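The values are calculated or read from the model by the stated rules, or taken from the named source; none is laboratory data. Quantities reported herein were computed from a predicted structural model and do not represent experimental measurements. FYI the Cβ positions are ideal-geometry reconstructions off the backbone, even for glycines, and counts take in every protein chain you see.
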Amino acid sequence: MLDIIISLSFITQVIRMFTPYYLGASAANFSERGGVINIAIEGFMILSAFSYAFFTISFGYPMLSLLLSLIAGIAFSFLFSLFTIKLKINQIITGVGFNLLMAGLAKFFMMYFYNSSSNTPNFQSLPKLPILSLIPFQGNIIADAIIVFSFLLIFISQKLIFKTRFGLRLRSAGENPEAAESLGIKVRFYKTSGIVICGVLSSLGGIWLASSQQTFSDGMIAGRGYIALAAMIIGKWKPVNIFAACLMFSFFEALEITFQMTGSVIPTQFIQMLPYIMTIIVLVGFIGRTRPPAADGIPY
Amino acid sequence: MSRKFLPNFISVTVSVLLTLIIAGCFLYFIGKDPVMVFSKMFEDVFGTGYGIGQTIFKTTPLILCGCGLALCFHVSAFNIGAEGQINIGAFLMAVIVFYLDDYIGYFAFPVAVLAGFAASALWGFIPAIIKVKREVSEVITTIMLNFVAFALVNYLLMEKVAVKSTVRTPEIINSLFLPKLSEYIPSLQGSSANITFIFALALAVFLYFIIYKTIYGYRMRSVGINPVASKYMGININRIYILTFIIGAGITSFVGINFIFGYKGYYELGFSSNLGFTAIAVSLLAKNNPIGIIFSAFLFGILDFGGLAVNNMVPKEIMLVLQALVILSILITDKLVNKYITKTANA
């Protein structure tokens, strides 16, 4: 048991699981810090994963696909902000609608272009960072730009949210938009920025999943967008705590995969439940009270 | 009611038209003839008894789940967890009927339905009590409980009751199958439409009266619209909230009746295929009015079966996109129509 956990391949597995979780969770965090609940993280991940697959298969340039998929993610973010900010429509229902739309689009285009309801043909993954891949053993992980970025993101988002003018204003939009507006802060601009950052980061998570598996399959996101939301809540909307929550969830998921291969005394389904049950317990307040941004979810 | 009828009617009609236009452009863009696709769809849906029957069969669960969610939405409970509630309830229904039908025959049916209702209601009770006691938004808890439900059902099914090398429960005895509608209306021959549909219609009418014509319904809506005022009116808002939430969640389990007793005879993993989310749209489109839900469920039922009808022209997944577009466009048209009304009222 213990020798499995401290093995290099297990740690690699944890890091790989961690990447999409942390990208998704910080995405959700940026949106909620601006006071917009975005439960469509799942949808953003699905669509970006598919669009990366589509563009790579069609054109064959992974970097171009990365760019185009991010642009698609940004476009959907603006659409989302049109609903939630410009028109002040309920954010939860909008999120449900976006999830259905984006998952539906991916399914439809997969059938339309590749005549398959399960997966696309294989394609190239993103290129590795050239110098770092020369590092012995885990060169593969360290040389993966998105994995490296997701670790840097801990510092970037901590700094951005708590130490910059942008972050202060973003938070003020999420805590007390009326007060912020009266001080001359363009609340809508900051809320929109939060949503766009959210769209970019969650798309990056989807792109990474597609790129690392070199195929897009139906259900490959498998609720990761929701686990990301859970990690954000358990992390109490703080980048460093979210990091810990994501690390914990990815540890459990890696454990689950190991158990599936080796067999275990604990049914894997119970490990699957863990993140969700823990989130509820944290919310109920048995492990310290959590407090979302004060104006979270309220249209402004 | 009547004062709000016209604007609601306008915004629903506009949103459906908007969806058709967007979908038409979309089809045109990918090189299909939208007129041909839609006419083929309507031809297959309404042209044959089988088409109508299958559409009714697809509509039934949408009415049931939509009605359950409508109750929750009336007390302002955003129940995103219908998917989990459905699966917990339907699974228990199938398991209980399988274990009991040898012993108590027909009585296994009501026992199973009640047990399913209770299980789904319990799954709704958890977010409701957490909301009331700890003021935690039901949105997140219901989403989380969805996944707990999937994993729990998966475990119980795969480890305990599943038929070997399948993902379903054993079949129920033949005498427990509900009568098909085609036994009464022969032209529906071959379709899976069954009397659950009649039950769904009756339930919708019944809930309409509860919501709009009884004191309980009045209190319910009052809690949903303004909990603070309701509290000072002497309404026990927590009790109304919890009770309505668990009844609503319980009703979603009836979806299992249509599938288990009306169609397959067993519970199957993934049978609900996002029904819990689609039903949110169904209820929303009808402004949470159960009578309206019958119609909006029909619209979604048509899209559901219509997708299969046009499958050789465009992939049937186009209907998933259409359903999502209906939701998003109703959100927009509602907002714009309301804006227009308040503008003209003030002028």
Provide a single number: the residues in the range B:158-177 that are aliphatic (A, V, I, L, M), more than 10 Å from every other protein chain (Cβ to nearest Cβ) and under 30 Å from A:ALA230 (Cα atoms). 1
Taking the range B:222-242, which residues are within 22 Å of B:GLN85 (Cβ to Cβ) and surrounded by fewer than 18 Cβ atoms within 10 Å (Cβ to Cβ)? B:ASN238, B:ARG239
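Do you know which of the residues in the range B:337-347 that are in contact (Cβ under 8 Å) with a residue 40 or more places away in the chain and surrounded by fewer than 17 Cβ atoms within 10 Å (Cβ to Cβ) is farthest from B:SER15 (Cα to Cα)?
Our first condition is that a residue be in contact (Cβ under 8 Å) with a residue 40 or more places away in the chain; within the range B:337-347, this holds for B:337-338, B:341.
Of the ones still in play, those that are also surrounded by fewer than 17 Cβ atoms within 10 Å (Cβ to Cβ) are B:338, B:341.
Values: B:ASN338: 14, B:ILE341: 17 Å.
Out of the qualifying residues, it is B:ILE341.
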Tell me, which residue of the range A:232-277 that is among the aromatic types (Phe, Trp, Tyr) and modelled with pLDDT of 85 or more is farthest from the chain's Cα centre (by Cα)? A:PHE270
Taking B:GLY190 and the conditions (1) within 27 Å of B:PRO110 (Cβ to Cβ); (2) not in a helix (DSSP H, G or I), which numbered condition does it fall short on, given that it satisfies the others? (1)
Only one residue in B:ALA151, B:ALA128 is at negative phi, touching a helix residue (DSSP H, G or I) at 6+ places or on another chain (Cβ under 7 Å) and more than 11 Å from chain A (Cβ to nearest Cβ), so which one is that? B:ALA128
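Tell me, which residue of the range B:145-183 that is in a helix (DSSP H, G or I), hydroxyl-bearing (Ser, Thr, Tyr) and in contact (Cβ under 8 Å) with a residue 40 or more places away in the chain is nearest to B:PRO110 (Cα to Cα)?
Going through the range B:145-183, the residues in a helix (DSSP H, G or I) turn out to be B:145-161, B:174-176, B:181-183.
Still in the running and hydroxyl-bearing (Ser, Thr, Tyr): B:155, B:175, B:182.
From what is left, the residues that are in contact (Cβ under 8 Å) with a residue 40 or more places away in the chain are B:175, B:182.
Working: B:SER175: 14, B:SER182: 23 Å.
Applying the filter and picking the extreme gives B:SER175.
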Check on A:LEU47, under 25 Å from A:ALA103 (Cβ atoms), surrounded by fewer than 23 Cβ atoms within 10 Å (Cβ to Cβ) and aliphatic (A, V, I, L, M): no
Let me spell it out: the conditions are (1) part of a helix (DSSP H, G or I); (2) within 14 Å of chain B (Cβ to nearest Cβ); (3) at pLDDT below 95, and A:ILE147 meets all of them except one. Which number is the exception? (2)
For the range A:96-115, indicate whether the set of residues that are in a loop (DSSP other than H, G, I, E, B) and at the interface with chain B (Cβ under 8 Å from one of its Cβ atoms) is non-empty. no
Mind listing whichever residues of the range B:122-144 are free of Cβ contacts under 8 Å to residues at least 24 places away in the same chain, among the aliphatic types (A, V, I, L, M) and within 20 Å of A:ILE37 (Cβ to Cβ)? B:ILE130, B:VAL136, B:ILE140, B:MET144
Just to be sure I understand, how many residues within the range B:307-347 are in a helix (DSSP H, G or I) and among the acidic types (Asp, Glu)? 1
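Residues that are buried (at least 17 other Cβ atoms within 10 Å of the Cβ) and more than 10 Å from every other protein chain (Cβ to nearest Cβ): find the helices (runs of 4 or more DSSP H) completely inside the range A:214-300 holding 2 or more of those.
Passing ranges, in order: A:224-234, A:239-262.
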Among (1) within 26 Å of B:ILE332 (Cα to Cα); (2) within 14 Å of another protein chain (Cβ to nearest Cβ), which single condition is A:ALA75 missing? (2)
Quick check on my filter: what residues within the range B:184-205 are among the hydroxyl-bearing types (Ser, Thr, Tyr) and touching a residue at least 24 places away in the same chain (Cβ under 8 Å)? B:SER187, B:SER191, B:SER192, B:THR196
Which residue is farthest from B:PHE107 (Cα to Cα), if the candidates are limited to the range B:51-93 and must be assigned to a loop (DSSP other than H, G, I, E, B) and within 14 Å of chain A (Cβ to nearest Cβ)? B:SER76
Among (1) within 23 Å of A:GLN13 (Cβ to Cβ); (2) in contact (Cβ under 8 Å) with a residue 24 or more places away in the chain; (3) not acidic (Asp, Glu) - the single one A:GLN272 does not satisfy: (2)
Tabulated pairs, the range A:175-192, first touching a residue at least 24 places away in the same chain (Cβ under 8 Å), second surrounded by 18 or more Cβ atoms within 10 Å (Cβ to Cβ) and among the polar types (S, T, N, Q), C-beta under 6 angstrom, 6+ apart or interchain: A:THR192/A:SER81
Just checking, does the range A:185-193 include any residue being at negative phi, part of a helix (DSSP H, G or I) and small (Gly, Ala, Ser)? yes
Condition met for B:SER329 (hydroxyl-bearing (Ser, Thr, Tyr), on the phi < 0 side of the Ramachandran plot and within 12 Å of chain A (Cβ to nearest Cβ)): yes
Since A:SER26 meets every condition but one in (1) closer than 23 Å to A:TYR190 by Cα; (2) in contact with a Gly (Cβ under 8 Å, 6 or more places away or on another chain), which condition does it not meet? (2)
A:ALA72 passes all but one of the listed conditions (1) surrounded by fewer than 24 Cβ atoms within 10 Å (Cβ to Cβ); (2) on the phi > 0 side of the Ramachandran plot; the exception is number (2)
